[in-house]
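Readers should treat all values here as calculations from the given coordinates under stated rules, not as data from a laboratory. What you see is a predicted model, and the numbers here were worked out from it, not measured in a lab. In this analysis, Cβ positions are derived from the backbone assuming ideal geometry, glycine residues included, and neighbour counts consider all displayed protein chains.
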Amino acid sequence: MRAQRQIVLVGFLQAQNCTTIPAAWRHPHARHDVTSFDYYRHIGGVLEAGCFDLGFFDDRLAMPDMFGGDHRHTVEAGIRCVKLDPVTVLTAMGMSTSRLGLGATYSTTYYEPFHVARVFATLDHLTGGRAAWNVVTSVNDNEARNMGLTHALAHDERYDRADEFMEVVHGHWDTWEADAIAADREAGLYAHGDRVHRLDHEGRWYSSRGPFTVPRTPQGHPVIIQAGQSGRGTEFAARWGELLFVTHVRLDSAVEHYAAVKAQIAELGRDPDQVKITNLTFPVVGRTMSEAEDRRAAYDELPTLIDDLSLLSEGLNFDFASRDLDEPLSDDDLDAMTGIQGIRNQVLAITGRSNPTVRDFVRVSGRGRLAHPTVGGPTELADYFEEWFTEQAVDGFVIAGTHMPGAFEDFVELVVPELQRRGLFRTEYSGTTLRDHIGLEVPAPGTWRLG
C-alpha cells in the first residue's frame, strides 16, 4: 500500500551575513554572529525540531559587485558581502543534528568532477546518508574573475559541459560496489579488488581516470538538487534532478509547469514520482493575520533601491548602473543579460513590453526585497500550502526566511503543527537518510544513464 503523499519542506539557508534578501541583516531580531558555529547549530536544531526534510545552502563565488563595477556599495549596504564555504558549514551543522538532510551548492563550471564527487560522497558518509548537492553552472562574470577567467561561459554551453560533468560524478559514485569492503583481518583482505573499478572517462570537456577514493555511500548517491527554469535549464533539471526548486507566484502557472516537467521526466525514461518539485516561498507568519500584516509592513521598510539594482546586476550579469531607471532597455541590452534568463523572461512576460525599463525589472523581479510573500496566521499559511500541494502544483516548499533565525522559529512553532494536524506533514522522522525523508529510492549503479 502506497504511503500517503506528504509535503516536502526545505529550509533555504545562506552561509552569509543575511538571508537571500540583503535587508535581512537590518531586521531588529536578526543575529549577526554568522561566522560562528553556534549560529548554524541553532538553525539546524530549529529545522530538525520542525521535522524539515532538508536544510539547503545557496551559494555564489563572488560578492555582488557587478553594479557599477565596485564592491564598496556591497560591503557598506551588507548585500551578501560575507560568504562562507557551505560544505564546511554543513559539516558543522551535521555534527549537531541527526536526521536533518544537509545540502550545499557547488558549481560545475569552477570545480573538477572528481573533487565534487569526493566532497559530497564524504559528506554523505559523515552524516549517515543525509547529503545533497545543489548543482549550479554559475551565472556571472565576477565569479569567473575570482576563478581565473575573464567572463562567464555562454548559457547553453554551461549546461552542455554540466551534462558531461554529471556523467563523470555519477560514474565515480558507482565505481565502488556496495559489498566491496570486507575488512577481514584474519584473511588480510580489506576490500575486494575486483569490486572497485576505474572510470577511465575521456570526453569532450573532461578526462577523469579514477579509481575513486570514497566507498559507495549510505544513499548510493547524494541527492541531486537542481533549480533550472529556463528552456535548457529545465532540460538539465529533468535529466539529473531529484529535488527541483522552482519559483512560481500564481497557482495556475505552477500547476501547468509541474505537469510539463513531470511529463518531460517521464519522456526521458525516469520515474516522475522519484523527482520532487518544490516552490520557493517567503512566509511572513504571525499568531493572527493582523500581526502577520504588521510584520510584513515593517519589513517593507528595510530594503533599499541599491539592494534591488545590485542583485539584479549580479543575477543577470548586466550592469544596471549603466542605464537610467526609466530608460527602456535596448534589444542589445536584453541580449547581453546572460545570467539567470528566467528573470529576464519573467519581466518581458509580465510587463508585455519588448523593451522594459530598469524600473520594470526592479518592480517585477523583486530582487533585493520581500517579493510575493505568503502572509498570514497559521490557518492562512496552512491553507496556502494545502491548496498548492493538493492541486499538484508542487510536491513541497522551499521556505526562505525574512530574517534569521526568527523566521524559521516562527514557522516551526506556528505553521508546522497546523500542517501536522491536517495530516499533510510528518510528526516525526520515519527514517535516517534524506532519501528516506522525501521518498526517493537508493539508485542502483548505472540507473542515471539514459537509453
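When you restrict to C-alpha pairs under 8 Å that are six or more residues apart and normalise by the size of region 304-368, the relative contact order lands at 43 percent. Roughly how many whole Å is it from the C-alpha centroid of region 106-138 to that of region 420-451? If you average the Cα positions of each part, the centres end up 19 Å apart. Among 372, 170, the order by Cβ neighbours within 10 angstrom, fewest to most, reads 372, 170. For the chain, the relative contact order is 23 percent, taking Cα pairs closer than 8 Å that sit 6 or more residues apart in sequence and dividing their mean separation by the residue count. Translational diffusion coefficient of region 311-451 (Stokes-Einstein, Kirkwood radius from Cα pairs, 37 °C, 0.692 mPa s): 174 µm²/s.
Whole-percent P(r), region 304-368, all Cα pairs, 5 Å bins from 0: 4, 20, 37, 30, 10, 0. Let's test the formula: R0 of 51 Å, r as the Cβ-Cβ distance of residue 185 and residue 4. What FRET efficiency results, to the nearest 0.05? Efficiency at R0 = 51 Å is approximately 0.65.
Would you mind calculating the relative contact order of region 8-90 from Cα pairs under 8 angstrom and at least 6 residues apart, reporting the percent as a whole number? About 43 percent, as a whole number. Axis angle, to the nearest 10 degrees, between helix 231-240 and the longest C-alpha principal axis of the chain: 30 degrees. Region 363-410 and region 162-193 have their alpha-carbon centroids 41 Å apart. Selection among 411, 430, 222 by position relative to the dipole of the chain gives 430 as farthest towards the positive end (Cβ unit charges, Cα centre).
For region 379-417, GluC sites (Glu not before Pro) meeting the loop criterion (DSSP other than H, G, I, E, B) and having at most 16 other Cβ atoms within 10 Å: 391. About its Cα centre, the dipole of region 192-345 is roughly 1280 debye, where the only charges are +1 on Lys and Arg Cβ and -1 on Asp and Glu Cβ.
Take every DSSP beta bridge whose two residues both sit in the chain; close to 20 percent of them are antiparallel. Centre-to-centre separation between the Cα atoms of region 294-324 and those of region 225-252: 24 Å.
Round to the nearest 0.05 the FRET efficiency obtained for residue 348 and residue 35 when R0 = 45 Å and r is the Cβ-Cβ distance. It would help to have the intermediate numbers written out before the result.
Details: r = 40 Å, r/R0 = 0.88.
Result of the calculation: an efficiency of 0.70.
For the chain, a crude dipole built from +1 on the beta carbon of Lys and Arg and -1 on the beta carbon of Asp and Glu, taken about the Cα centre, is about 680 debye to the nearest 20. Of the chymotrypsin sites (Phe, Trp or Tyr not before Pro) found in region 196-293, no site is in coil according to DSSP while having at most 12 other Cβ atoms within 10 Å of its Cβ.
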